Each structure stands twice: as C-alpha cells, then as structure tokens.
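Engineer: Quick one: structure below, then a few questions.
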Amino acid sequence: MNQTANTSSKKRRMRLPLYAAGGAVVGFISSAAITQLPTDLNWTLSVYYDYDLLFALIALVVLVTMIWNSISLARTPSVRPAEDDDAADMEDHHSLMSPAERSLGNAMMLSSFGVIASFAWVALALSLYASSRDLPQSSNLFTLGNLVAACIAVIIVVVLQSVTIKRYNRYFPDRALDLNSRNMKKDHFEKLDEGEKWIVYRAAYRSFQMMNLLLGVGMAVSVLYSILYNFAAFPIVLLSVIWMINLGVYFRETYRAQKQ
Amino acid sequence: MEELHNHVRELRARDRLSQAELAKLIGASRQTIALIERGDYSPSVVLALKIAHVFGESVEKIFELKGGNIDESNR
C-alpha cells in the first residue's frame with residue numbers, strides 16, 4: 001500500500017517537468033500571438049558566430065559524457081571480482097548486478113551517449129561548413145575549427161568506447177562483444193541466456209513504446225515550429241516515415257511469430 | 001490472477017549454494033537466478049527441470065501457483 005503511494009507520488013513528480021514544458025509552450029505561443037516580435041530577432045543559438053551556442057552545448061554534452069564515462073571506468077576494477085566476493089551482498093538485496101558490474105554498465109551506456117553526441121556534432125559541423133562557404137573569413141575559421149574539434153571528439157569518444165568494450169569483454173568473456181563482427185549486437189544477443197534475453201525483450205518493448213510517444217511529440221513540435229516560424233515539411237515527413245517503419249517492424253514481427 | 005511462486009532461494013540456502021554456483025550448474029547466468037528468486041521471471045520448462053534436478057526435488061515442489069481460482073476439485 002505504502003509502496004503504491006510512493007510509486008504514484010514518484011510518477012507525479014516525474015510528470016512535473018512535462019507540465020512545466022507544456023506551460024512554457026502555451027505561454028510562448030500566447031505571448032507570441034499578443035506581442036509584436038522585432039523583425040531582426042535572431043532565433044539561431046548564437047552569440048558571436050552562427051550556431052556557436054548550439055555547438056558549445058553539444059561540446060559540453062560530449063565532454064560531460066567523456067568525463068563521466070572515464071569516472072565509471074575508473075570505478076570498475078580492471079579484473080572482475082570473484083562472483084562469491086559480491087554474492088552475499090547482492091543476494092541480501094536481491095540485486096542483479098554487483099557494484100562493479102553497475103559501474104561498467106554505466107560506462108557502456110555513457111560511451112554510447114558520447115558516440116551519438118559526437119557524431120551529431122560532426123554531422124552538424126559538416127553541414128554548417130558545407131552550407132557557409134561564402135561567409136566572411138572569421139566565420140569560416142569558426143566552422144572549420146568547429147569541424148576539426150568535432151572530429152577530434154569523435155576519435156577520443158571512439159577510443160574510450162573501445163576501452164570500455166574491452167573492459168566489458170574481460171568481465172564477460174562468455175558473451176564478449178566482437179568489434180570486428182558486422183552483427184555485433186545480434187551475436188551478443190545470441191550469447192545471452194533466457195533470463196537475460198527476457199530483460200532485453202522487456203527493455204526493447206519499453207523503448208518501442210517510448211519511441212512511439214517521442215515520435216508523436218516530435219511531430220507536434222515540428223507542427224508548432226511550422227506555425228510559429230517557417231513551414232517545415234521535411235521533419236514532419238521524416239518523423240512520419242520513421243514512425244511507420246517503427247510500427248511496421250513491430251507488426252511484421254508479431255505476424256511472423258503468429259504464422260510460425 | 002495466479003502467480004508463480006518458487007522456493008529456489010530456500011533450497012539454495014538448504015544446499016549451501018550461491019547464486020553463481022547454481023547458475024553454473026544449470027548453465028544459466030547469475031542474473032537469471034536472481035530474477036527467478038525475485039519472482040520477476042518465470043523460467044522455461046527446461047530451466048525449471050534443470051533446477052529441480054540440481055535440488056533433487058520435483059518441479060511442483062519448487063514452483064507453485066498461488067492465488068486466483070485454482071480449485072483442486074476442478075482438476
């Protein structure tokens with residue numbers, strides 16, 4: 001009973017940022033409708049150069065994930081502790097992971113975040129560089145420097161991920177991730193036992209549900225963007241296609257399972 | 001609704017086996033044993049039979065359905 005009350009209270013607290021974001025959007029739309037906006041208002045995230053603030057934010061995200069990843073790795077002993085050393089502590093708390101395994105799990109997750117953020121940085125920097133060749137030299141220097149910094153970040157993040165995966169493989173040699181395999185994730189999944197596969201299925205289904213929700217939110221945001229600024233068809237079409245593929249794969253898999 | 005309950009934890013304590021040792025004996029991971037003991041995961045028939053074999057008990061003695069409308073007379 002008490003646990004149920006705690007869960008609903010936690011859920012309510014988790015919804016607060018959503019309500020705040022909803023309030024901000026409603027407030028922004030209503031104030032934009034009432035107030036006359038200056039024509040020279042700059043909506044790009046910029047201070048000195050075009051989008052410099054956006055790139056600073058991405059760089060900060062990459063830096064934070066790198067540092068956090070390194071800290072998590074440092075907290076993970078280089079050699080896996082004997083299972084019996086952790087067993088008593090874990091069994092008392094019905095935990096699925098030892099503290100070392102948890103640190104390693106965090107490092108794996110953060111290295112993935114770092115790789116995604118740094119690749120997004122390179123993609124954006126490359127797009128900006130390609131689309132701003134005719135800008136003044138100072139801006140060109142910024143876009144070029146930004147591109148070089150993004151490439152360096154990718155190299156560091158990939159090296160960090162490789163170190164993290166090597167540590168994972170040392171911990172779990174029976175289900176090692178093969179970096180040379182084309183189907184690394186699939187091969188890794190095949191090595192899991194039934195309980196671990198069940199965890200992956202459950203996580204994948206929750207991720208699927210969250211994707212459906214986020215694609216809907218993304219589409220609503222794109223529509224809002226079109227209403228407030230310029231008509232932007234591409235993001236809406238792209239999100240619709242991704243949404244259809246997401247649902248299509250789900251229905252195809254359920255149909256195939258029923259057919260079998 | 002019926003729920004699957006199990007006595008894996010008690011039997012493991014009886015036989016002085018750690019989760020890791022039991023997992024090794026049945027060819028599963030320690031995480032799977034922890035999931036089963038917590039009641040989060042219902043093992044496959046194969047795994048249930050392997051667990052029963054390790055403890056030298058029948059599957060029905062280790063795993064049982066509780067709650068719901070299980071009426072012995074309807075069996």
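Engineer: Taking square-rooted eigenvalues a ≥ b ≥ c of the alpha carbon gyration tensor, is segment A:128-203 rounded, prolate or oblate, where a/c under 1.5 means rounded and, failing that, a/b exceeding b/c means prolate? Kindly include the intermediate steps, with their values, before the conclusion.
Structural biologist: Numbers: a/c = 4.31, a/b = 2.84, b/c = 1.52.
Because a/c hits 1.5 or more and a/b exceeds b/c, segment A:128-203 counts as prolate.
Engineer: A follow-up question, please. For chain A, just list the percent of Cα-Cα distances falling in each 5 Å bin from zero outward, please.
Structural biologist: Over chain A, the share of Cα pairs per 5 Å bin runs 1, 5, 7, 9, 13, 15, 15, 13, 10, 6, 4, 2, 1, 0 percent.
Engineer: Could you check the simple spin-label distance between A:Ala257 and B:Arg16, using points 7 Å along Cα→Cβ, in nm with one decimal?
Structural biologist: 4.4
Engineer: Suppose we keep just the alpha-carbon trace of chain B; what are its Rg and Dmax in angstrom?
Structural biologist: Computed over the Cα atoms of chain B, radius of gyration and Dmax are 12.8, 40 Å.
Engineer: For A:Phe189 and B:Lys24, FRET efficiency with R0 = 22 Å and r from the beta-carbon atoms, rounded to 0.05? Please report the intermediate quantities before stating the final value.
Structural biologist: Details: r = 22 Å, r/R0 = 0.98.
Here the calculated transfer efficiency is 0.55.
Engineer: Can you compute the FRET efficiency between A:Ser240 and A:Leu18 using 1/(1 + (r/R0)^6), with r the Cβ-Cβ distance and R0 = 25 Å? Round to the nearest 0.05. Don't jump to the answer; show the numbers that get you there.
Structural biologist: Details: r = 23 Å, r/R0 = 0.92.
Working from the Cβ atoms, E equals 0.60.
Engineer: Could you give the length gained by full extension between A:Cys151 and A:Ser70, i.e. 0.36 nm per residue of separation minus their alpha carbon distance, to one decimal place? Walk me through the intermediate numbers first.
Structural biologist: Details: separation 81, 0.36 × 81 = 29.16 nm, distance 1.94 nm.
Extra length from A:Cys151 to A:Ser70 when fully extended: 27.2 nm.
Engineer: Hey, another quick one. Treating only the Cβ atoms of Lys and Arg (+1) and Asp and Glu (-1) as charged, compute the dipole magnitude of segment B:3-64 about its Cα centre; round to the nearest 20 debye. Numbers along the way, then the final one.
Structural biologist: Numbers: 9 positive and 9 negative charges, 60 e Å.
I would put it at about 280 debye.
Engineer: Along the charge dipole of segment B:3-64, pointing to its positive end and built from +1/-1 on Cβ of Lys, Arg, Asp and Glu, which listed residue (B:Phe63, B:Pro43, B:Ser18) has its Cα farthest out?
Structural biologist: B:Ser18
Engineer: Within 10 Å of each Cβ in peptide B:43-55, how many partner chain Cβ atoms are there on average? Round it to a whole number, please.
Structural biologist: Values: counts 3, 3, 0, 1, 3, 0, 0, 0, 0, 0, 0, 0, 0.
Taking the mean over all residues of the peptide, I get 1.
Engineer: Summarise the partner chain shielding of B:27-40 as one whole number: the mean count of Cβ atoms from other chains within 10 Å of each residue's Cβ. If you can, show how the numbers build up before the last one.
Structural biologist: Values: counts 1, 4, 9, 10, 11, 9, 3, 8, 7, 1, 2, 3, 1, 6.
Taking all residues of B:27-40 together, the mean is 5.
Engineer: What are the equivalent ellipsoid semi-axes of segment A:168-219, built from the alpha-carbon gyration tensor (square roots of five times its eigenvalues), in whole angstrom, biggest first? Please report the intermediate quantities before stating the final value.
Structural biologist: Working: eigenvalues 156, 40, 15 Å².
Ellipsoid semi-axes (Å, largest first): 28, 14, 9.
Engineer: Here's a follow-up. Rounding to the nearest 20 debye, state how big the charge dipole of the protein assembly as shown is about its Cα centre with +1 on each Lys and Arg Cβ and -1 on each Asp and Glu Cβ.
Structural biologist: Details: 34 positive and 32 negative charges, 88 e Å.
So the dipole magnitude of the protein assembly as shown works out to roughly 420 debye.
Engineer: Looking at A:Phe172, A:Ala150, A:Gly248, which one has the Cα that reaches farthest to the positive end of the dipole of chain A (charges on Cβ: Lys, Arg +1; Asp, Glu -1)?
Structural biologist: A:Gly248
Engineer: Once label points are set 7 Å from the Cα along Cα→Cβ at both A:Arg206 and B:Arg38, what is their separation, rounded to one decimal in nm?
Structural biologist: 1.0
Engineer: Could you give me the radius of gyration and the Dmax of segment A:140-260, taking only the C-alpha atoms into account and expressing both in angstrom?
Structural biologist: Looking at segment A:140-260, its Cα Rg and Dmax stand at 20.3, 59 Å.
Engineer: Residue by residue through segment A:213-228, what is 3J(HN,Hα) from phi via Karplus (6.51 cos²θ - 1.76 cosθ + 1.60, θ = phi - 60°)? Round to whole Hz and write x for glycine and proline.
Structural biologist: So the J values, rounded to whole Hz, are 5, 5, 5, x, 5, x, 5, 4, 5, 5, 5, 4, 4, 5, 5, 7.
Values in this text are rule-based calculations from the coordinates and carry no lab data. As the structure is a prediction and not an experimental result, all values here were calculated from the model. Every residue, glycine as well, gets a Cβ built from its backbone with ideal geometry; the counts of neighbours run over all protein chains shown.
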